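The values are calculated or read from the model by the stated rules, or taken from the named source; none is laboratory data. Note that the coordinates shown come from a computational prediction; the quantities given were computed from them, not determined experimentally. So basically every Cβ, Gly included, is an ideal-geometry build from the backbone, and we count neighbours across all protein chains shown. Just so you know, the surface numbers come from the protein's heavy atoms only, side chains and all, with ligands and any DNA or RNA stripped out. Shrake-Rupley method; radii C 1.70, N 1.55, O 1.52, S 1.80 Å.
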Amino acid sequence: MKQVDVIVVGAGQAGCAAAYDLASAGLTVLMLDRHAGTGHKPCAGGVTEKARRLYRFPLDSVVRETVSQMQMSLYQKLETPFAADTPFCLMTHRPELDQLCREQAQQAGASLTIVRHISGFQSHSDGIVLTVDGEQIGARYLIGADGAHGAVRRLAFGGGARHGAMAIEGLLSREHCSRYPQTTFDFGVVRGGYGWMFPKGDHVNVGLYTRTQSGGTVDRHALADYARQRLGSDALTHVQGFPLGTWGHQQRLAAGRVLLVGDAAGFTEPLLGEGIYGAVLSGQRAATAILSGHDVAANYIADIDRWRSELRRVHPIAAVFYSTLPLSFGVLKHGVRRPLMKGYANGLTLVQSKRLFFGAHFTQA
């Protein structure tokens, strides 16, 4: 039976962040993923400034646009610029970003194996045993980075995870666009959510996001309508939709030698559905807990508590914002635009930016 220090199931942003730190520290790390390629889940690919600061390596090779101004609108009207003095987001194409992170993790010493099926899980005092494509692999620790409905949660914790939000996206070639947009958020085009247009050089990433608690729905027909209305074409490719985990403050995150990170842990921010920051942060914090060598589950839960607290505070903000449109858009536009953009450009989270606006003491999460 093959034996490693850590198995990481899922080689996206969370899994690669954990694998990179663990392998860099000298541990033997095996990443397992069902896809030889990358970008097999909807992700608009925007790397916020707060997320960029977490990466252990430069992202320059995969940056398609540098964003210091975006447009926000209400019902595709009242389009308003939201600008900052310095960039607050880097636009990447998610498959390219994932590939970079996989390569960096492998260069640090992690190995990657493409698998078809994880069918068994056993836990004992010294580690875990995972049954993968009919063969057993042993490890001291297991990190689940395989999404809200991944195998690790189901096998190690029992049952699936709540998701809380839904997103669907597609790519529209620039040659089919009636115009090349700025980074844009159109609030109110779907109930309890928004539409987005993220420019990526040779294409525009077009998508819809909704909080499922609001009763909103998103599907291919709605996405095609939105693309036609905003960009003059519905010739979308690579259309995919997926539930997003936004309930990390209420989920079980760890048990014994098993830790959940990223969307598997429900660490997507619920207001805008941004998941890269929570993914990279939790992957790194899981690695730190394992490297501590004692009380790993407890250390991980304690170390990620500030982000869980952030999610707990953002949920009611998101509920109020989407349920009180257009009033809330007016507050966003006329009241908090400046401190919000200043906070984002300085790498702050939403709650930290809110504290900055109200003059309270804040610290970096």
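For the range 225-250, the set of residues classified as within 21 Å of A319 (Cα to Cα) and either hydrophobic (A, V, I, L, M, F, W, C) or modelled with pLDDT of 95 or more (or both) consists of F242, L244, W247, listed by residue number. With respect to P339, is the statement that it is open to solvent by 60 Å² or more (accessible area, probe 1.4 Å), part of a helix (DSSP H, G or I) and not aromatic (F, W, Y) true? Taking the combined requirement at face value, the residue does not satisfy it.
Just so you know, in the range 88-99 the residues that are open to solvent by less than 30 Å² (accessible area, probe 1.4 Å) and under 15 Å from the mean Cα position of the chain (by Cα) include one that is farthest from Q71 (Cα to Cα), and it is D98. Annotation: of all residues in the range 246-264 being closer than 26 Å to F57 by Cβ and part of a strand (DSSP E or B), the one that is farthest from the chain's Cα centre (by Cα) is L259.
Residues that are out of contact with any helix residue (DSSP H, G or I) (no Cβ under 7 Å at 6 or more places or on another chain), surrounded by fewer than 21 Cβ atoms within 10 Å (Cβ to Cβ), touching a residue at least 24 places away in the same chain (Cβ under 8 Å) and of a type in the set (A, V, I, L, M, F, W, C) do occur in the range 100-117, at least one of them. Being in a helix (DSSP H, G or I), at pLDDT 95 or above and either closer than 22 Å to R64 by Cα or open to solvent by less than 20 Å² (accessible area, probe 1.4 Å) (or both) is not true of Y194.
Within the range 158-188, can you find the residues that are modelled with pLDDT under 95, open to solvent by 30 Å² or more (accessible area, probe 1.4 Å) and closer than 27 Å to A318 by Cβ? If the condition is that a residue be modelled with pLDDT under 95, open to solvent by 30 Å² or more (accessible area, probe 1.4 Å) and closer than 27 Å to A318 by Cβ, then G159, G160, R162, H163, M166 are the ones that fit. Residue under question is G159, and the condition is that it be within 27 Å of Q250 (Cα to Cα) and without any contact (Cβ under 8 Å) to a residue 40 or more places away in the chain; does it hold? Taking the combined requirement at face value, the residue satisfies it. When Q76 is tested against (1) open to solvent by 50 Å² or more (accessible area, probe 1.4 Å); (2) out of contact with any Lys or Arg (no Cβ under 8 Å at 6 or more places or on another chain); (3) not aromatic (F, W, Y), exactly one condition is not met: (2). Are any of the residues in the range 274-290 in contact with a Ser or Thr (Cβ under 7 Å, 6 or more places away or on another chain), over 23 Å from T66 (Cβ atoms), in contact (Cβ under 8 Å) with a residue 12 or more places away in the chain and not in a strand (DSSP E or B)? Checked against the condition, which is being in contact with a Ser or Thr (Cβ under 7 Å, 6 or more places away or on another chain), over 23 Å from T66 (Cβ atoms), in contact (Cβ under 8 Å) with a residue 12 or more places away in the chain and not in a strand (DSSP E or B), the range 274-290 yields no hits at all. Filtered by the rule that a residue be open to solvent by 30 Å² or more (accessible area, probe 1.4 Å) and closer than 16 Å to D5 by Cβ, the range 126-135 gives a lone residue, D126.
The condition of being among the aromatic types (F, W, Y), outside any helix (DSSP H, G or I) and open to solvent by less than 60 Å² (accessible area, probe 1.4 Å) holds for only one of F267, F321, F329, that being F267.
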